[in-house]
1. Restricting to segment 41-94, give me the number of residues that are at pLDDT below 80, of a type in the set (A, V, I, L, M, F, W, C) and not in a helix (DSSP H, G or I).
2. Being touching a residue at least 60 places away in the same chain (Cβ under 8 Å), surrounded by 15 or more Cβ atoms within 10 Å (Cβ to Cβ), outside the structural domain of Ala437 (by TED's automatic domain parsing) and basic (Lys, Arg) narrows it down to one of Arg305, Arg235, Arg286, so name that one.
3. Take segment 298-316 and flag every residue that is more than 24 Å from Gly244 (Cα to Cα), charged (D, E, K, R) and part of a helix (DSSP H, G or I).
4. Is it the case, given these coordinates, that Gly186 is of a type outside the set (D, E, K, R), more than 26 Å from Arg305 (Cα to Cα), in contact with a strand residue (DSSP E or B) (Cβ under 9 Å, 6 or more places away or on another chain) and in contact (Cβ under 8 Å) with a residue 24 or more places away in the chain?
5. Would it be correct to say that Thr447 is at pLDDT 80 or above, among the polar types (S, T, N, Q) and either assigned to a helix (DSSP H, G or I) or at positive phi (or both)?
6. Filter segment 221-254 down to residues that are under 23 Å from Asn301 (Cα atoms) and either touching a helix residue (DSSP H, G or I) at 6+ places or on another chain (Cβ under 6 Å) or at pLDDT below 90 (or both), then give me how many there are.
7. If I filter segment 349-359 down to residues being out of contact with any Leu (no Cβ under 6 Å at 6 or more places or on another chain) and in contact (Cβ under 8 Å) with a residue 60 or more places away in the chain, which single residue comes out as farthest from Ala395 (Cα to Cα)?
8. Taking Glu194 as the residue in question, decide whether it is without any contact (Cβ under 8 Å) to a residue 40 or more places away in the chain and either hydroxyl-bearing (Ser, Thr, Tyr) or closer than 22 Å to Leu151 by Cβ (or both).
Amino acid sequence: MTALNQTIQKRKQLLVIDDDGGVVDYLLEMLTGNGYEVSGESDPQRALLRLEAGHFDLVVSDIEMPGLRGLDLMAAIHARKPGQLVLLMTAFGSIDLGIQSLQAGACGFVTKPFSLNDLLAAVAKAFRDRAMHREIVRVSNSSGKLAPKALVAESSNMQKILQLANRAAQIDSPVLLTGESGVGKGALAFFIHEQSPRCNGPFLQINCAALPFSLVESELFGVCKGAYTDARENRPGLFTEAKGGTLFLDEIGEMPLAIQPKLLQVLETGKVRPVGATAEVATDVRIIAATNQPIEKAVQNGLMRADLYYRLNVIRLDVPPLRERLTDMDRLVDNLLQHAQTKLRRQILGISAEAMRWIRAYSWPGNVRELANTLERAVALAEHDTILLEDLAQATQLPVEDNILGNAVTQQMTLAELEINYIHRILEMTQDNKVQAARILGIDRGTLYRKLGDQS
């Protein structure tokens, strides 16, 4: 063992607990001989008092002891010191109990009889894991109602969108939301509803691409009894059910052409005619529509009526893709992890620095929806209390932004030129936010300013 390792390890305070005094004495001798500062107790209650009175980096405790079993002792320790590392020792026949100990919060366990090397490896692993945890991006402990998943606005372009959405919420004009699939148009539509005077009314939505043609009209406008064979009773449509609230028409570009004139008439007159009815019914609903298709191109190609497009395109909000919201990423991940924990009833401390670096670099073609699904899967399947790189489903893929390296080879850039090219790419992605750029690059701001100055 090097002098440096001994110096580092001597800072580690260990408490050994075992009802067999001989085992305590043996572990004291062996662990002290390997550079740790070690105290021992054969009485669990006295051990608790020592823990309350002082600091220990790691507790090494037997599971089966008279008076207070190891799992009960660990629970008592964590009730007093929630972050305390506890390594448990168990007899070979109690491996199931060892697994239970991990589930209950132990940092690891070793089975008796064990070799000194096995114990030292388990102790070293506990400290490595703790060091890794100290590098995580912590999950916020904020209480109260969680914010909508996609509506984090650290980036200037997303701040502008929310400002416009707030203003649009105060009037009843139609809103058209455009943007790639998964950017959070549905969350933004609900945000507009909640900020509007209609917030106490219903918020209903329909995916125009998900329903067969034969059902779109009756779903939107309602149907009268006897209008067709299966119409056994009067049924109101969404325009009627959303009275006093908001109707969100998702994927409006997929609305069948035959239905579009009827939708336009409702928007212009404020009245609907249910299928099979002879009279119109007044509506009181605010319309928000969304599309992930180039809407003007759909008009040019005859897939959407120009008059309907103009009627919907009163207030337009173009929601940016996630790759253009890089400065939102940290808070967005924090937000989505909280949602996933609440949904799955799992407690996660946060996400490792390595995993977070990968998340910032990946292009996220599926946008916020893909990020949310990735984090939910990670929370569901993670074997630790921290999301690691291997917990992310796409982590085997290379980040795709642009082919900087390929361009460097083609243009025969020097290493210095490649470095500054990459730095400028990150600054562009972060909208010249040097704090965020330095974090992604893994350097401090002073180094970033120096590298930028060196090019002049």
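1. 2
2. Values: Arg305 fails: touching a residue at least 60 places away in the same chain (Cβ under 8 Å); Arg235 fails: touching a residue at least 60 places away in the same chain (Cβ under 8 Å).
None of the other options fit; the residue is Arg286.
3. Correct list: Asp307 only.
4. Values: of a type outside the set (D, E, K, R): yes; more than 26 Å from Arg305 (Cα to Cα): no; in contact with a strand residue (DSSP E or B) (Cβ under 9 Å, 6 or more places away or on another chain): yes; in contact (Cβ under 8 Å) with a residue 24 or more places away in the chain: yes.
So Gly186 fails the test.
5. Details: at pLDDT 80 or above: yes; among the polar types (S, T, N, Q): yes; either assigned to a helix (DSSP H, G or I) or at positive phi (or both): yes.
So Thr447 passes the test.
6. Keep residues of segment 221-254 that are under 23 Å from Asn301 (Cα atoms), which gives 249-254.
Retained after the next criterion (residues that are either touching a helix residue (DSSP H, G or I) at 6+ places or on another chain (Cβ under 6 Å) or at pLDDT below 90 (or both)): 253-254.
Matching residues across segment 221-254 total 2.
7. Among those residues, the one meeting the criterion is Leu349.
8. On the way: without any contact (Cβ under 8 Å) to a residue 40 or more places away in the chain: yes; either hydroxyl-bearing (Ser, Thr, Tyr) or closer than 22 Å to Leu151 by Cβ (or both): yes.
So Glu194 passes the test.
The values are calculated or read from the model by the stated rules, or taken from the named source; none is laboratory data. Treat the numbers as computed from the prediction; the structure is a model and nothing was measured. With ideal geometry, Cβ positions are generated from the backbone for all residues, glycine too; neighbour counts draw on all protein chains shown.
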